[in-house]
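Trainee: Here's a structure for you.
The values are calculated or read from the model by the stated rules, or taken from the named source; none is laboratory data. All values derive from a computational prediction rather than experimental measurement. So basically every Cβ, Gly included, is an ideal-geometry build from the backbone, and we count neighbours across all protein chains shown. Surface accessibility is based on the protein's heavy atoms, side chains included, excluding ligands, DNA and RNA. Shrake-Rupley method; radii C 1.70, N 1.55, O 1.52, S 1.80 Å.
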Amino acid sequence: LSSPRHKRACQAAGKEVDLDEGLVDLDLRNDSDTPDVPPPTDSTPEILKRALSGLSARWKNWWIRGILSLAMISMFFLIIYMGSFMLMLLVLGIQVKCFHEIITIGYRVYHSYDLPWFRSLSWYFLLCVNYFFYGETVADYFGTFVQRREQLQFLIRYHRFISFALYLAGFCMFVLSLVKKHYRLQFYMFAWTHVTLLITVTQSHLVIQNLFEGMIWFLVPISSVICNDIAAYIFGFFFGRTPLIKLSPKKTWEGFIGGGVSTVLFGFVFSYFLAQYQYFVCPVEYNSETNRFVTECEPSELFQLKKYSVPLLLQAVLGWETVNMYPFQMHSIALSTFASLIGPFGGFFASGFKRAFKIKDFADTIPGHGGIMDRFDCQYLMATFVHVYITSFIRGPNPSKVLKQLLVLQPEQQLNVYRTLKSHLVEKGILQPSLRG
């Protein structure tokens, strides 16, 4: 016979099993159980709809994509003309919009659960992470500007502690917002927000880091991805017959190969054009006297013409024994090859994400293209590659950065560095022994 205590224990165990089974069921929902997201509205301007009303859906989409692509490219060139600061604002604006589109999908999918503070905390974490990364950028590239303002010196000195304290506040608010019935779902959304931050904010920070190395390191990679996207679409539209990947049924091998070859050729020629101008090749630096960004320098060896021997196999075809090229053009081949071979996998990843939630596009911001994230899904992979490429194969010690760090030291610390450096130069024979005193 069972005792009352034993019966109560069995009942409690049964309830725990039911709860666990319910949570497992939540985890094991298949794609067909995923809540539907409301379809995006058609944001095509009425003037375009009327002008293209007589065309088939295929050609109508072709013209809409083409016209909007030319408009976006023209706007991009205008922003380039306006300078590096406007490019940084553009990157920030794109980052915020991409974050908004991904977070909105999560909010729409699980809106029926009425999760407390989800959207507010998501935007709060976005502000915290941006504060951290942009503060690091200010400390690295605006050292002389910071030294002149005591308030900024305090913020920079304790920047990482302040950033961590801000994040902790958001973390505590999340814990306080937990509701008994929605624990697991709230943790799903917490992870959703942090992965979105990793995809958008971290990568956009790397884009700006690349820009500071010289505008050419910003323009060539981004333009290569744009070129590959356009060329792959054109080749696929006219010649596409063989499907490339199930995640994205409209992608074809013909488009993939045609886009890849076009991108490498474009990157090589475009690099030759940009490498001729200081505006594009010089590192972007902040001039504290004029309060402006400047791009003036003596171009490095990467951007000085050199004579190269043409391989024997190509000599018979081209009729040239030597050719004058910029060394950067060789690096552009690596960048454009990555843009055409690996970059599209960012798009495939985004396609899988959209299929998981039964949506065609991330948003309907750009007619014929979808959302901002639909246009920039490949750019984030590219940004990371360029940053790793620069730090691994290009960038050496940065004297200006070292000097900025020295200027922040106390006078006695600066004297110690001076004596150590002087002694080292004398030992190397660079300074005359008579200068020791």
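Trainee: For segment 145-167, what are the residues that are open to solvent by 90 Å² or more (accessible area, probe 1.4 Å) and assigned to a helix (DSSP H, G or I)?
Mentor: E150, Q151, F154, R157, R160, F161, F164
Trainee: Okay, next question. Those residues that are open to solvent by 30 Å² or more (accessible area, probe 1.4 Å) and not basic (K, R), I need them from segment 342-367; list them, please. Please lay out each step first, then the result.
Mentor: So the first thing to find is which residues in segment 342-367 are open to solvent by 30 Å² or more (accessible area, probe 1.4 Å), and the list is 342, 345, 349, 353, 355-356, 358, 360-361, 364-365.
Hits for segment 342-367 are I342, F345, F349, F353, A356, D361, D364, T365.
Trainee: Among the numbered conditions (1) open to solvent by 40 Å² or more (accessible area, probe 1.4 Å); (2) assigned to a helix (DSSP H, G or I), tell me where Q329 comes up short.
Mentor: Result: Q329 fails condition (1) only.
Trainee: If F376 passes every condition in (1) on the phi < 0 side of the Ramachandran plot; (2) surrounded by fewer than 17 Cβ atoms within 10 Å (Cβ to Cβ) but one, which one does it miss?
Mentor: (2)
Trainee: Check F235 against each of (1) open to solvent by 20 Å² or more (accessible area, probe 1.4 Å); (2) out of contact with any Asp or Glu (no Cβ under 7 Å at 6 or more places or on another chain) and name the one condition it does not meet.
Mentor: Failed condition: (2).
So that you can scan it fast, the table gives a plain yes or no per residue for (1) open to solvent by 50 Å² or more (accessible area, probe 1.4 Å); (2) in contact (Cβ under 8 Å) with a residue 40 or more places away in the chain:
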site	(1), (2)
G371	no, yes
V388	yes, no
V408	yes, yes
Q413	yes, no
Y418	yes, no
K422	no, no
K428	yes, no
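Trainee: Right, another one. Within the set of pairs 6 or more residues apart or between chains, which connect a residue that is under 19 Å from L406 (Cα atoms) inside segment 124-145 to a residue that is at pLDDT below 95 and among the aromatic types (F, W, Y) with Cβ atoms less than 7 Å apart?
Mentor: Hits for this filter: Y141/F212; Y141/Y286; F142/Y286; F145/Y286.
Trainee: Here's another thing I want to ask about it. Can you report the number of residues in segment 288-302 which are free of Cβ contacts under 8 Å to residues at least 60 places away in the same chain, surrounded by 10 or more Cβ atoms within 10 Å (Cβ to Cβ) and closer than 12 Å to Q278 by Cα?
Mentor: Adding up the residues that qualify gives 5.
Trainee: Check I257 against each of (1) open to solvent by 90 Å² or more (accessible area, probe 1.4 Å); (2) out of contact with any strand residue (DSSP E or B) (no Cβ under 8 Å at 6 or more places or on another chain); (3) closer than 22 Å to I80 by Cα and name the one condition it does not meet.
Mentor: (3)
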